[in-house]
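Working notes, structure below.
The values are calculated or read from the model by the stated rules, or taken from the named source; none is laboratory data. Since this is a predicted model, take the numbers as computed values, not measurements. Here the Cβ positions follow ideal geometry from the backbone for every residue, glycine too, while neighbour counts run over all protein chains shown. Calculation scope for accessible area: heavy atoms of the full protein, side chains included, ligands and nucleic acids excluded. Shrake-Rupley method; radii C 1.70, N 1.55, O 1.52, S 1.80 Å.
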Amino acid sequence: MVIVAGHIVVDPQQRESYLAGCVSVVELARRTSGCLDFAIAADLVDSGRINIFERWESQAAVEAFRGGGAGEERGAAMLAAAVAEYDVAEVRSLT
């Protein structure tokens with residue numbers, strides 16, 4: 001399993017429009033083979049931060065979906081980003 005997690009930073013005035021532009025990406029990802037979870041969400045404390053969380057069955061599934069990465073418009077809106085991929089060997093349920 002692969003987890004992609006982190007955050008991006010956008011101008012606080014642009015965050016809502018940035019998130020609105022991500023709806024189709026989230027919908028597409030969730031329909032993609034190998035996607036276990038996919039979320040892009042506004043941070044509750046930092047008005048310019050957008051949290052990223054993805055869970056995939058495999059690295060191949062991530063790469064098949066990712067393609068060229070963020071589109072030009074979304075990439076240009078990012079002021080900073082700190083997102084990483086994690087290979088998960090074991091899972092422990094907390095519920």
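Selection of first residues in the range 21-33 that are surrounded by 12 or more Cβ atoms within 10 Å (Cβ to Cβ) and of second residues that are not in a helix (DSSP H, G or I), restricted to Cβ pairs under 6 Å at least 6 apart or on distinct chains, gives the following pairs, ordered by first then second residue: Cys22/Ile40; Val26/Phe38; Val26/Ile40; Ala29/Cys35; Ala29/Phe38; Arg30/Phe38. Residues that are farther than 26 Å from Met1 by Cβ and open to solvent by 50 Å² or more (accessible area, probe 1.4 Å) occur in the range 35-44; there is at least one. Scanning the range 65-82 for residues that are surrounded by 14 or more Cβ atoms within 10 Å (Cβ to Cβ) and at pLDDT 90 or above returns Phe65, Ala81.
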